[in-house]
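The values are calculated or read from the model by the stated rules, or taken from the named source; none is laboratory data. Only a predicted model underlies this, so the values are computations on that prediction, with no experimental measurement involved. Cβ sites come from the backbone with ideal geometry, for glycine too, and all protein chains shown count toward neighbours. Please note that ligands, DNA and RNA were not included when accessible areas were found on the heavy atoms of the full protein model with its side chains. Shrake-Rupley method; radii C 1.70, N 1.55, O 1.52, S 1.80 Å.
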Amino acid sequence: MRRWYPPFNGKRYIGNINTNEVHDLDYEKAECKIDEIKNDHVRTFNPDTYEEAKRQGFDNCAHCIGNSNY
Ligand SMILES: [Zn+2]
């Protein structure tokens with residue numbers, strides 16, 4: 001579920017710089033625990049794409065994207 005307030009600002013892909021995982025909020029699961037990510041740890045992407053998150057070295061969340069490296 002997308003969040004229309006900062007620091008998410010309606011973005012689809014949300015990186016957690018603490019765990020180095022990227023989440024897809026359109027397929028968010030409870031296990032993603034998005035609301036437990038500290039605001040300081042939230043990274044959004046420009047453009048807001050999976051490819052950009054991967055380019056920046058983020059690993060997939062196993063719950064909402066799958067094929068995690070870990
Ligand atoms: Zn996730």
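Want the number for GLN56 to ALA30: 0.36 nm per residue separation, take away the alpha-carbon distance, what's left? Can you show the working numbers first?
Numbers: separation 26, 0.36 × 26 = 9.36 nm, distance 2.48 nm.
6.9 nm is the gain from fully extending GLN56 to ALA30.
For LYS54, the lysines whose Cα falls under 19 Å of its own Cα, not counting residues fewer than eight places away in the same chain, are LYS11.
How large, in percent, is the carbon and sulfur part of the accessible surface of the chain at a probe radius of 1.4 Å?
Summing carbon and sulfur atoms, their accessible area is 45 percent of the total for the chain.
For the chain, the set of trypsin sites (Lys or Arg not before Pro) satisfying both a DSSP loop assignment and a count of at most 11 other C-beta atoms within 10 Å is given as LYS38. Assuming charge only on the beta carbon of Lys and Arg (+1) and of Asp and Glu (-1), the dipole of the chain about its Cα centre is about 140 debye to the nearest 20.
For the chain, what does the accessible surface come to per residue with a 1.4 Å probe? Please give it in Å². Mind dumping the intermediate values first?
Details: 4450 Å² over 70 residues.
Averaged over the residues of the chain, the accessible area is 64 Å².
Which of rounded, prolate, oblate describes the chain, given a ≥ b ≥ c as roots of the alpha-carbon gyration tensor eigenvalues and a/c under 1.5 marking rounded, otherwise prolate only if a/b is larger than b/c? If you can, show how the numbers build up before the last one.
Numbers: a/c = 1.37, a/b = 1.16, b/c = 1.17.
Because its axes are fairly even, with a/c under 1.5, the chain counts as rounded.
Looking at the chain, send over the antiparallel percent of its DSSP beta bridges, to the nearest 5. Roughly 80 percent of the DSSP beta bridges within the chain come out antiparallel.
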